[in-house]
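Read through the structure below, which is laid out as structure tokens, and then see the notes.
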Amino acid sequence: MLKSVSKNRFMGSFMILSIAAFSILMTACAAETIVKEVEVIKEVQVEVPVEVIKEVIKEGATITREVEVIKEVAGETVIKEIVKEVIKEVKVEVEVEKEVIVVATPMPVITGAGGQKYGGTLKFGTVDFGAMDPAIMGLSTGSGMYSNHAYDSLTEPWYDGAIVNRLAETWSANDDLSVYTFNLRQGVTFHDGSDLTSADVKWTFDRIADETTASPLLGEIDYISNITAPDASTVVFTLKGSNVNLPRDVADYHARIVPNGITQQTLTESSTDFGSGPYTLGDHNPAERTVMNKYDSYWVEGKPFYDRIIMYYMPEEATRLEAIKSGAVDVINTFSLAQVEGLNERDSITVTGTESATIRNLVMDTREGSIFSDKNARKGLQYAIDRDFVRKAVTYGFGANANDHPIGTLDPMYWAEQPIINQDIELSRSYLEAAGYNDSNPLSFELDASDFSQMLELALAVEQSVEATDLPIEIEVAKHEESTFWEAIWMMPGGTPAVTSAWNGRPAAQAVSVALKSGGSWNESYFSNARMDELMELASTEIDFDTRKGYWKEVQEILIEEVPAAYLLYVPVLTAHRTHVQGVQAHPNGWVLMEDWWSSE
């Protein structure tokens with residue numbers, strides 16, 4: 001039987017794992033990043049089988065970046081690009097032992113250098129606000145931060161990739177991982193003062209399982225058979241079969257716990273929130289700003305530090321940049337990588353970052369009738385792109401090339417020996433000819449892109465890369481505002497055959513399932529492969545690590561071969577903040593967790 005471990009309940013001998021050094025190593029990937037030492041203590045039962053994996057982590061490279069500067073012209077603020085060569089060489093090669101433990105981890109305690117202060121208002125500049133109901137939340141940056149702080153979940157992905165307990169104080173599973181039991185923390189209350197109980201947890205997941213809710217998480221947890229609440233602090237998930245993914249899947253941001261019986265209409269239309277998180281909803285205008293106030297009865301002792309958080313919605317990057325430079329806002333986390341050097345040169349601003357599985361891709365519509373329903377056309381484009389050129393043009397030397405699947409290089413399921421796709425002009429030409437394309441009949445298509453999270457830069461770089469060849473491919477990039485792209489362009493019926501897209505890092509099972517599994521609600525390429533679906537099902541029920549990794553190897557082989565989407569590059573997660581904002585860590589999933597932040601002023 002697998003069991004989670006509670007700090008307040010000793011069940012035998014434990015070993016203490018300090019991961020401070022590893023945490024520091026992982027956050028030091030981006031040049032000029034300010035690294036703060038954070039100590040996280042985990043208690044783990046010695047009896048649990050542990051697999052030790054050795055890997056080599058290399059940091060740094062010689063890079064050349066372009067820097068954007070802002071100038072005033074005729075009373076108007078405009079962006080003007082200049083080229084600035086910046087060479088950074090960091091020679092670090094460290095062998096790291098990672099312990100992969102299939103067991104829940106108690107919530108880590110973050111201890112800084114001391115001096116945390118209470119009070120004040122944190123002003124955050126972000127892009128937009130979408131849905132308020134966690135179960136149907138889309139891709140809005142403001143909605144995600146609101147959900148992170150107004151609500152809470154059973155478990156949570158931590159900065160080091162571990163899944164840690166939140167509202168679940170402990171959990172355990174039977175021997176074949178078909179029944180999971182979660183024991184809830186005592187004394188947790190919703191913002192209206194009512195107790196959070198197992199009935200609320202059951203309702204939350206029953207509501208997600210209801211197809212009429214239309215939650216994007218439904219396809220990820222459809223292996224759950226039923227949920228029971230035998231008492232107020234116990235929730236039992238009975239699955240349709242063995243599954244290793246449940247503790248991670250209940251950490252999804254759509255799985256925030258809401259009160260028993262609450263409806264989507266109430267969650268959407270009410271002027272208050274219904275969560276148990278560190279902040280409550282105050283004034284809210286989705287076109288302008290959202291105010292969140294500290295919840296004094298929050299269950300985490302001593303948290304949060306700020307009295308108030310205000311999220312300002314600024315669709316234009318230039319506006320966000322001017323706001324943080326002037327001090328109008330304290331933090332931004334959506335900005336071009338071209339801006340990193342300029343921001344870091346300011347004494348008043350720090351850029352904090354970490355490497356991640358956050359990925360940028362070119363999506364091809366594989367449905368019948370689309371030009372990319374023909375695999376040969378997809379393969380022709382796959383080998384036409386110069387990935388080194390695209391990465392340097394988009395990330396200014398940051399990040400790494402990806403390989404046509406969304407699994408991160410540090411994920412335990414990553415296939416380390418996979419053949420890396422590189423530009424091959426003649427191979428591309430042969431695939432294009434097989435699809436019927438030649439100089440007199442080129443592969444011609446519109447590539448839709450949003451001016452957000454490097455998606456437009458990616459589209460333009462792909463266009464330039466292909467134009468530099470003599471291949472019969474013609475691409476026309478169409479720019480769209482981020483505020484309308486997700487709702488009006490992405491995955492819309494009758495849309496153009498290709499778009500660029502952006503995904504925060506996810507573990508292998510979620511990354512592939514949410515974007516590529518047959519029938520998935522966010523399957524943006526409409527890809528369907530019965531063998532891949534079967535492999536994912538086999539992997540989810542396989543307890544043996546090596547066998548499970550073998551299944552995931554074949555999944556990656558299929559995606560590289562079938563290429564429903566050209567996953568081109570990984571980008572770091574970066575946060576720019578005024579230097580008085582302390583405790584900031586960049587999360588590899590792109591999450592923003594402000595309950596641990598404070599102001600030194």
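The values are calculated or read from the model by the stated rules, or taken from the named source; none is laboratory data. Just so it is clear, the model here is predicted, and its values are computed rather than measured. Cβ placement follows ideal geometry from the backbone for every residue including glycine, while neighbour counts extend to all protein chains displayed.
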Item to check | Flag for residue 506 being under 22 Å from the mean Cα position of the chain (by Cα) and of a type in the set (Lys, Arg) | outcome: yes
Next on the checklist: I'm trying to understand the selection: among the residues of segment 310-329, which are within 22 Å of the chain's Cα centre (by Cα) and in contact (Cβ under 8 Å) with a residue 12 or more places away in the chain?
Outcome noted: 311, 312, 313, 314, 315, 317, 320
Checklist outcome for this item: Restricting segment 154-171 to residues that are in a strand (DSSP E or B) and closer than 22 Å to residue 412 by Cα, the one farthest from the chain's Cα centre (by Cα) turns out to be 165
Checklist entry - Which numbered condition trips up residue 281, out of (1) more than 30 Å from residue 414 (Cβ to Cβ); (2) among the hydrophobic types (A, V, I, L, M, F, W, C); (3) surrounded by 24 or more Cβ atoms within 10 Å (Cβ to Cβ); (4) in contact with an Asp or Glu (Cβ under 7 Å, 6 or more places away or on another chain)? => result (3)
Checklist entry - Using beta carbons and a limit of 6 Å, which pairs, at least six apart or on different chains, have the first residue in segment 141-152 and of a type in the set (Ser, Thr, Tyr) and the second one assigned to a helix (DSSP H, G or I) and surrounded by fewer than 23 Cβ atoms within 10 Å (Cβ to Cβ)? => result 147/253
Next on the checklist: Within segment 503-526, does at least one residue satisfy the condition of being surrounded by 19 or more Cβ atoms within 10 Å (Cβ to Cβ), polar (S, T, N, Q) and under 22 Å from residue 315 (Cβ atoms)?
Outcome noted: yes
Checklist outcome for this item: Filter segment 196-229 for residues that are outside any loop (DSSP other than H, G, I, E, B) and free of Cβ contacts under 8 Å to residues at least 24 places away in the same chain; the one that is farthest from residue 509 (Cα to Cα) is 212
Next on the checklist: One residue is enough: does segment 515-525 have a residue meeting the conditions among the hydroxyl-bearing types (Ser, Thr, Tyr) and either assigned to a helix (DSSP H, G or I) or in contact with an Asp or Glu (Cβ under 8 Å, 6 or more places away or on another chain) (or both)?
Outcome noted: yes
Checklist outcome for this item: Filter segment 129-142 for residues that are touching an Asp or Glu at 6+ places or on another chain (Cβ under 8 Å) and buried (at least 22 other Cβ atoms within 10 Å of the Cβ); the one that is nearest to residue 576 (Cα to Cα) is 141
Checklist entry - Are any of the residues in segment 543-566 within 30 Å of residue 600 (Cβ to Cβ) and buried (at least 17 other Cβ atoms within 10 Å of the Cβ)? => result no
Next on the checklist: Which pairs turn up if I take residues in segment 394-416 that are closer than 24 Å to residue 384 by Cβ and look for partners that are aromatic (Phe, Trp, Tyr) and part of a loop (DSSP other than H, G, I, E, B) with beta carbon separation below 7 Å, at least 6 apart in sequence or on another chain?
Outcome noted: 407/414
Next on the checklist: Just to be sure before I move on: is residue 547 outside any loop (DSSP other than H, G, I, E, B) and farther than 28 Å from residue 462 by Cα in the structure I sent?
Outcome noted: yes
Next on the checklist: Based on this model, can you work out whether residue 432 counts as free of Cβ contacts under 8 Å to residues at least 60 places away in the same chain, within 15 Å of residue 378 (Cβ to Cβ), touching a strand residue (DSSP E or B) at 6+ places or on another chain (Cβ under 7 Å) and in a helix (DSSP H, G or I)?
Outcome noted: yes
Item to check | Residues of segment 464-502 satisfying the condition of being at pLDDT 85 or above, part of a loop (DSSP other than H, G, I, E, B) and surrounded by 14 or more Cβ atoms within 10 Å (Cβ to Cβ) | outcome: 469, 471, 472, 497
Checklist outcome for this item: Residues in segment 361-386 that are surrounded by fewer than 23 Cβ atoms within 10 Å (Cβ to Cβ), at pLDDT 95 or above and more than 23 Å from residue 438 (Cβ to Cβ) total 0
Checklist entry - Looking only at strands (runs of 3 or more DSSP E) that fall completely inside segment 263-377, which ones have 1 or more residues that are among the basic types (Lys, Arg)? => result 289-294, 308-313, 359-364
Item to check | Candidate set from segment 390-429 (those that are of a type in the set (S, T, N, Q) and assigned to a helix (DSSP H, G or I)); member that is surrounded by the most Cβ atoms within 10 Å (Cβ to Cβ) | outcome: 395
